[in-house]
Each structure stands twice: as structure tokens, then as C-alpha cells.
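See structure below.
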Amino acid sequence: MDRTVERCREVRLRAYPDGMIQPRDLTIAEAALPKAGPNDLVVRNRWFRVSISTRLMANPDAQAVEGIPFPVLKPGDALADGAIGEVVACPAGSGFEVGGFVSHPLGWRDYAVVDAGSCIALGQGPIEPAAYLGHGWTAYAALTRGIRVRPGDTVFVSSGAGAIGSMAGQIARRLGAARVIGSTSTQDKADWMTTDLGYDAVILRNRGSIADQLKAAAPDGVDVFVDMVGGAQLTAAAGAAREGARFVLLGALTAELNVAGASIVAPVELDSFQLILKDVTLRGYSADRDYAEAFPDWIAWQREAGLHFACSKVVGLENAPRALHDACEGRLKGLVMVEV
Ligand SMILES: NC(=O)c1ccc[n+]([C@@H]2O[C@H](COP(=O)([O-])OP(=O)(O)OC[C@H]3O[C@@H](n4cnc5c(N)ncnc54)[C@H](OP(=O)(O)O)[C@@H]3O)[C@@H](O)[C@H]2O)c1
């Protein structure tokens with residue numbers, strides 16, 4: 001195997017965050033590139049995803065949780081997340097080729113040594129990195145496997161400007177939804193959601209009663225709720241549910257991005273009588289469980305769907321720590337991606 005690259009730069013956790021994760025909690029280290037084994041590819045990363053779940057995994061009491069595809073981080077550990085890069089070297093007969101693009105799980109570094117079994121060949125390009133790194137496929141899997149959107153549905157998407165939410169609203173529409181409502185934090189984002197993402201109405205999570213805003217946006221109630229937030233938004237959606245409503249729960253940002261400290265515990269108040277009387281289905285769903293089956297379907301479907309891949313692109317590995325902080329603070333929109 002040809003091996004010319006000797007060193008790499010990677011982002012590591014420097015110290016456990018005290019409250020919100022700050023750029024100073026991360027550091028960029030230069031290190032010797034690990035020696036490639038007989039089944040390893042050497043990849044020059046071009047783009048990687050920045051996920052807010054990294055904050056949860058950087059907690060002192062973080063635990064590996066089934067369904068969360070992120071490693072627990074201790075000070076000194078390198079961060080990891082989905083990446084796309086070009087193959088620099090690969091074993092003969094591995095099915096990969098030098099110069100081809102691959103997706104793999106070792107972002108947050110400029111070069112990676114990755115087991116071939118963790119890599120997916122993406123061809124010679126050009127490619128749309130957001131289609132592979134973004135959470136369109138998560139939203140697609142949730143809305144085609146987790147629950148099903150039916151023609152004419154009124155759909156509510158919490159965190160509708162986020163990585164999953166910015167795709168979920170568009171996908172729901174293309175699957176037949178008649179009215180699509182999202183939530184966000186600022187009027188600026190709300191305007192962008194209606195003009196660029198096609199939402200019919202937007203609720204502001206910090207601007208008065210969620211229940212009252214939802215009632216105004218969906219006077220006849222909600223058929224489908226795609227929930228990334230939990231808390232008061234889930235309570236309000238349950239109150240607005242129509243007969244036979246389907247809720248797919250993907251995340252609990254109220255707990256994950258709690259300013260006081262990230263938590264995996266996300267209690268919520270629900271009127272169980274309403275759920276019973278309205279025959280409401282609540283499904284917790286992890287798209288990773290359906291990855292092998294749903295991902296190729298998503299890649300084919302999105303080519304025809306004419307989606308807007310909402311993406312905040314940050315250029316340079318050195319700017320990645322700030323990108324994570326800004327994503328957690330709600331300053332960015334859509335998928336947050338670093339171009340290395
Ligand atoms: N089940 C699955 O398969 C799966 C897969 C991946 C991720 N997830 C989970 O799904 C959730 C969404 O992931 P994502 O990557 O799409 O994140 P995201 O929605 O892009 O999260 C960032 C956004 O959260 C909002 N936010 C910040 N603080 C908040 C708070 N205290 N309460 C409510 N919202 C807040 C902000 O948006 P606004 O300013 O617009 O409000 C911010 O821009 C996360 O919990 C993630 O762990 C689930």
C-alpha cells in the first residue's frame with residue numbers, strides 16, 4: 001500500500017465543558033497518522049458533520065447508549081462524526097480505489113485511517129456532500145419507516161430549521177402533507193423557513209405559549225408530529241393531536257441542549273386521556289437501526305425530490321470547535337458541515 005502521509009491534525013476534547021460547550025474546551029492536535037493495517041484505508045477528509053450530540057457525549061457522566069452512534073469522550077480523546085474524503089491509499093483487492101470518495105465515521109481530522117468495513121464507496125464524484133452527511137435520510141426514514149405521512153396531513157416539525165428538521169418539513173411535503181408547520185427560536189430563521197424550506201407557518205419557541213401558537217397555525221389540529229425537542233413542544237403537540245395522529249420522536253433537544261448541562265433524561269408532561277381518546281401513536285425512532293435498508297433508498301429518492309439541502313458550511317478544521325459551539329447555541333441553520 002502506498003503511504004506518503006505521515007501526520008494528521010485532529011480535534012480533541014481538552015476539558016469537560018462547564019455548562020455549554022465552548023471552543024476552548026476543544027483543541028487541535030497534530031499527531032502521527034496511525035499505522036494502516038491490512039484492511040485499512042488512508043483517507044484525506046474533505047467534509048465532516050458537526051452534530052450537537054457531541055456535547056452530550058463530552059459530559060463527565062456520559063455513557064455509551066444504544067441508539068446514539070457517538071463515542072463517549074474523555075479529555076484527550078479525538079472527536080468523531082460522519083465524514084467524506086478521498087482515498088489516498090487502500091489495500092489491493094479491497095474494492096476501493098485511490099482518488100475515489102468514501103463516507104466513513106472519522107471526521108474531526110484532516111486525514112483518517114479507517115477500517116474498510118466502515119467505509120462506503122461513493123465513486124469519483126462530483127458528489128453533494130449534504131445528501132450523504134446530512135440528516136435528510138434520518139427524516140426520510142422517520143417519515144417512511146417510523147410513521148407514514150398520508151396525503152392531506154397537517155405536519156408539525158419541532159426544531160424545523162435544524163439538521164433533521166430542515167429536511168423533515170420538505171420531505172413531509174413531498175410525501176403528500178397539505179400543511180407543514182415548524183418551530184424555531186428567531187423571526188429571522190422563521191422567515192428563512194417559509195421562503196427557503198417551504199413551511200406554511202412557524203412557531204417561535206421563546207415567544208409565548210406554544211399551545212396557543214400551534215392552535216393558530218393548525219386550527220384543525222395536527223396529524224403528524226416529527227419531534228426533535230420534547231418538553232413543552234411535545235406537550236402542546238399532544239394537546240393539538242387529531243384523531244389517529246402519529247408522532248415520531250427523534251430527539252430531545254430540551255435535555256441535550258439544556259443550558260445548565262446536557263442530559264439524557266427528558267421528562268415531559270402528557271395528558272394521557274387525550275392520547276387514548278384520540279388514538280394517538282407515539283413512536284420513538286432511531287434511523288440508525290434502519291440504516292442499511294433505508295439509506296440507499298434515500299439516496300435514490302432524493303435525486304428526484306428537488307430538495308433544498310440547508311447547510312451551514314464552515315471552512316477550515318481550525319474553525320470546527322466554534323462551529324460546534326455555535327450549532328449548540330442555535331446560531332446556525334440546517335446541517336452544520338466543516339470543509340477541511
Ligand atoms: N433518532 C435519530 O435517528 C436521530 C439521528 C440524529 C440525531 N437525532 C437527535 O435529534 C435531535 C435533533 O438533531 P439535529 O442534529 O437535527 O439538531 P438540530 O435541530 O440542528 O439542533 C440544533 C438546534 O436546536 C435548537 N435548540 C437549541 N437549544 C434548544 C433548546 N434549549 N430547546 C429546543 N431547541 C433548541 C436550535 O434551533 P432553533 O434556534 O431553530 O430553535 C439549534 O439550532 C437531537 O436530539 C439529536 O440528538 C436523532
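The values are calculated or read from the model by the stated rules, or taken from the named source; none is laboratory data. What you see is a predicted model, and the numbers here were worked out from it, not measured in a lab. No Cβ is skipped: glycine too gets one built from the backbone with ideal geometry, and neighbour counts run over all protein chains shown.
In this structure, is A89 in contact with a Lys or Arg (Cβ under 9 Å, 6 or more places away or on another chain) and away from the ligand (no atom under 13 Å from the Cβ)?
Taking the combined requirement at face value, the residue satisfies it.
Can you tell me which residue in the range 307-338 is farthest from the ligand (Cβ to nearest atom), limited to those that are in contact with a strand residue (DSSP E or B) (Cβ under 6 Å, 6 or more places away or on another chain) and small (G, A, S)?
Only one residue tops the list, namely A320.
Within the bounds of the range 253-260, is there any residue that is surrounded by 20 or more Cβ atoms within 10 Å (Cβ to Cβ), closer than 28 Å to Q187 by Cβ and among the hydroxyl-bearing types (S, T, Y)?
The answer is yes, given that some residue of the range 253-260 is surrounded by 20 or more Cβ atoms within 10 Å (Cβ to Cβ), closer than 28 Å to Q187 by Cβ and among the hydroxyl-bearing types (S, T, Y).
For Q274, all conditions in the list (1) over 27 Å from L56 (Cβ atoms); (2) within 14 Å of the ligand (Cβ to nearest atom) hold save one; what is the number of the exception?
Just one mismatch for Q274, condition (2).
If you check every pair at least six apart or on different chains, which have Cβ atoms under 8 Å apart with a residue in the range 135-147 that is outside the structural domain of A163 (by TED's automatic domain parsing) first and a residue that is near the ligand (Cβ under 8 Å from one of its atoms) and of a type in the set (D, E) second?
Nothing qualifies.
Which one is nearest to the ligand (Cβ to nearest atom), of the residues in the range 220-251 that are among the small types (G, A, S) and out of contact with any strand residue (DSSP E or B) (no Cβ under 8 Å at 6 or more places or on another chain)?
G231
Looking only at the range 56-63, decide whether some residue is assigned to a loop (DSSP other than H, G, I, E, B), among the aliphatic types (A, V, I, L, M), surrounded by 21 or more Cβ atoms within 10 Å (Cβ to Cβ) and in contact with a strand residue (DSSP E or B) (Cβ under 6 Å, 6 or more places away or on another chain).
yes
Name the single residue that is surrounded by the most Cβ atoms within 10 Å (Cβ to Cβ) among those in the range 275-288 being over 13 Å from V226 (Cα atoms) and over 15 Å from the mean Cα position of the chain (by Cα).
V280
Read through the list (1) within 19 Å of the chain's Cα centre (by Cα); (2) touching a residue at least 24 places away in the same chain (Cβ under 8 Å), then give the number of the only condition that A116 fails.
Of the numbered conditions (1) within 19 Å of the chain's Cα centre (by Cα); (2) touching a residue at least 24 places away in the same chain (Cβ under 8 Å), the odd one out for A116 is (1).
Surrounded by 15 or more Cβ atoms within 10 Å (Cβ to Cβ) and more than 15 Å from the ligand (Cβ to nearest atom) - does that describe any residue in the range 290-298?
yes
Would you say Q187 is over 22 Å from Q302 (Cβ atoms), among the polar types (S, T, N, Q), within 16 Å of the ligand (Cβ to nearest atom) and not assigned by TED's automatic domain parsing to the domain that holds S51?
The answer is yes for Q187.
Does at least one position in the range 177-189 carry a residue that is without any contact (Cβ under 8 Å) to a residue 24 or more places away in the chain and of a type outside the set (V, I, T)?
Within the range 177-189, one or more residues are without any contact (Cβ under 8 Å) to a residue 24 or more places away in the chain and of a type outside the set (V, I, T).
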